[in-house]
Amino acid sequence: MTGAVALVTGASRGLGAAMAEKLAGDGVHVVALARTTGGLEELDDRIQAAGGTATLAPMDVTNEDAIRQLCRAVHDRWGRLDMIVHAAIHAAPLSPAGHIDARDWDRSIDVNLRATGRLIALAEPLVQAAEAGRAIFFDDPHAGEKFFGAYGATKSAQVALARSWQAEMARTGPAVHVLAPRPMPTATRARFFPGEGRAGLAAPADEAARLLAELG
């Protein structure tokens, strides 16, 4: 994929950062999107130290105007996106379904569902313009488990939307993939399982390499 261009959301930490680093190490120019400027700058330092390149996009994935401007800038500079990796997620605190905080519920819908639909709509022409465009989403098995109402409902809705896009693009492209990461010691998992031991959890860098290898 040397010379390719990839947009990675949620790129400041966890699996998003690991995917960005792995792609950059493989010669892909990474457009790294996240809210945390400091995390993006640290990512950029690691990418540059390894000989890769990145463009930092510090913004909230729910900001429609910012995402629209970013997609326009990508179009004007490269004319395409060879890959989208959508790792941005809001992990609402665990709560009984009848006691979900309204702000957490709204934020979960905005980040996990609305932003995904908006990203698909705005970036679809860019990945279709690539010779072999790809889009990657990540599944999670927690939907329907107790106390995972806000996260589980919106994450499963996100995956359903991605699978609909996958079916629609089956003949024309881009290729849409829904991958299943193994449990990792990320901030999202720590929020759900505080105090959990890290033994047996997969390193994000290892998962990034494994998941990208699945694509061939």
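The values are calculated or read from the model by the stated rules, or taken from the named source; none is laboratory data. Small disclaimer: the values here were computed from a predicted structure and weren't measured. Positions of Cβ are backbone-derived with ideal geometry, glycine not excepted, and every protein chain shown enters the neighbour counts. For accessibility, only protein heavy atoms count, side chains too; no ligands or nucleic acids. Shrake-Rupley method; radii C 1.70, N 1.55, O 1.52, S 1.80 Å.
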Original post:
Gaussian network model of the chain, Cα springs within a sub-10 Å range: biggest mean-square fluctuation belongs to which of Leu94, Leu43, Leu119?
Top reply: Leu94
Original post:
So which residue, out of Ala87, Ala157, Ala102, gets the largest mean-square fluctuation from a GNM of the chain using Cα contacts under 10 Å as springs?
Top reply: Ala102
Original post:
What accessible area per residue comes out for the chain, rounded to a whole number of Å², with a 1.4 Å probe?
Top reply: 48
**OP:** Using 0.36 nm per residue of separation minus the Cα-Cα distance, give me the extension gain between Glu214 and Arg198 in nm, one decimal.
**Re:** 3.3 nm
**OP:** Working from the alpha-carbon coordinates of segment 176-215, get Rg over Rh, Rh being the Kirkwood radius.
**Re:** 1.03
Subject >> In nm, spacing of pseudo-spin labels at His75 and Thr2 (7 Å Cα→C-beta vector) >> reply: 3.1
**OP:** Calculate for the chain the 222 nm mean residue ellipticity that helices alone would give, adding -39,500 (n - 2.57) per DSSP H run of length 4 or more and normalising by residue count, nearest 500 deg cm²/dmol.
**Re:** -14500 deg cm²/dmol
Original post:
So what is the diffusion coefficient of the chain in µm² per second by Stokes-Einstein at 37 °C and 0.692 mPa s, using a Kirkwood Rh over Cα pairs?
Top reply: 188
Original post:
How much of the accessible area of the chain, probe 1.4 Å, is carbon plus sulfur, in whole percent?
Top reply: 50
**OP:** Could you order peptides 145-152, 127-134, 4-11, 198-205 by the average number of other Cβ atoms within 10 Å of their residues, highest first?
**Re:** 4-11, 145-152, 127-134, 198-205
**OP:** Work out the P(r) tail for segment 85-137: percent of alpha carbon pairs separated by more than 12 Å, whole number.
**Re:** 69
**OP:** Can you figure out the FRET efficiency of Ser164 with Trp105, using R₀ = 22 Å and their beta-carbon distance, to the nearest 0.05?
**Re:** 0.45
Original post:
Over what distance in Å are the Cα centres of segment 169-213 and segment 1-80 separated?
Top reply: 18
Original post:
What is the distance, in nm, between label points placed 7 Å from the Cα along the Cα-to-Cβ direction at Ala187 and at Glu41?
Top reply: 1.6
Subject >> Cα-based Rg of segment 39-94 normalised by 2.2 N^0.38 Å, two decimals >> reply: 1.35
Original post:
If you stretched the chain out fully between Ala97 and Gln48, how much longer would it get, using 0.36 nm times the residue separation minus the C-alpha to C-alpha distance?
Top reply: 13.2 nm
Original post:
From the backbone phi of segment 52-60, what are the Karplus-calculated ³J(HN,Hα) couplings (6.51 cos²θ - 1.76 cosθ + 1.60, θ = phi - 60°) in whole Hz, Gly and Pro given as x?
Top reply: x, 9, 8, 10, 8, 10, x, 7, 8
**OP:** Rounded to whole Å and sorted largest first, list the principal axis extents of the Cα atoms in segment 3-117.
**Re:** 49, 27, 20
Subject >> HN-Hα J in Hz across segment 6-19 - Karplus 6.51, -1.76, 1.60, θ = phi - 60°, x for Gly and Pro >> reply: 10, 9, 10, 8, x, 8, 7, 7, x, 5, x, 5, 5, 5
Subject >> In Å, descending, principal axis extents of the Cα set of segment 135-216 >> reply: 46, 30, 14
